[in-house]
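*Asks:* One structure follows; several queries about it will come next.
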Amino acid sequence: MRSVRFGACSPAPKTRVDWYEVKNLGVPMNRFAILALILSAAMPFSSAAHAAMPIQVYERLSNKDQGDYEVQVLLVGAKQVLKDAGRPDQVAQIETLFTTRQPGDQITLGMGELELNIAAVDKADADNLVRDPNAKPLSVELAMIATLKANGIILPKSFMHVGDTFDAKEPLSPPPKFGPFAQCFAYRNGACASH
């Protein structure tokens, strides 16, 4: 099976992801609930969103840079802003979430949820652009915000700035020439050039 996100061949998954009944640590959430969670998580961060990485830019990063961004920026950044806010109990919760594996799973619960939320943010962004080509892009940080919010952890607004100093080690893939992203706000207004 060819992985869309990572571009490499991987073994067929042992379990099928049912988007209508995605399990979030035992709490059933349908795809509409996930989307609502992501959009509700975005509301308090809307003024700081200009500093975050647009999902279209994230999707153009190399596989290695995406992995670095997920772990070194989103995960480490979330722990650091909570530590700075004096919430060590929630730092421990993040540590548990991102180290716990279900029997037979290759990735942790937290990384699985984060990957599903990144896909949901990507889809929500594409849907927004289909409805309104001038819509501002959603940021990839919203996926981590939604992942942690679903597990009872609320991040401070300063989280939207954890990726301010991130530099991709490999060149970005070229922007799409067709589809909703070809005419999107981020490409027309230079947001992609800044990352």
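All of the numbers you see were taken from the coordinates with simple rules; none came from a lab. Here the structure is a predicted model, which is why all the values come from computation and not from measurement. Positions of Cβ are backbone-derived with ideal geometry, glycine not excepted, and every protein chain shown enters the neighbour counts.
*Asks:* Of the peptides 102-115, 128-141, how do they stack up when ordered by the mean number of other Cβ atoms within 10 Å, highest first?
*Replies:* Numbers: 102-115: 15.9, 128-141: 18.9.
Averaged packing, sorted descending, gives the order 128-141, 102-115.
*Asks:* Moving on. I'd like to compare 85-93, 150-158, 69-77: which one has the highest average count of other Cβ atoms within 10 Å, and what's the full order after that? The partial results should precede the final answer.
*Replies:* Details: 85-93: 13.9, 150-158: 16.1, 69-77: 18.8.
The packing order, highest mean first, is 69-77, 150-158, 85-93.
*Asks:* Still on this model: Which residues' amide hydrogens lie under 5 Å from the amide hydrogen of Ser139, considering only partners 5 or more residues apart or on another chain, with H built in the peptide plane?
*Replies:* Ile55
*Asks:* Roughly what would the spin-label model give for Ser173 and Gln106, points 7 Å off Cα along C-beta, in nm?
*Replies:* 1.9 nm
*Asks:* Sticking with this one: What's the local net charge at Gly110, with K and R +1, D and E -1, over the other residues with C-beta under 11 Å away?
*Replies:* Numbers: positive: Arg101; negative: Glu70, Glu95, Glu113, Glu115.
With Lys, Arg at +1 and Asp, Glu at -1, the neighbours total -3.
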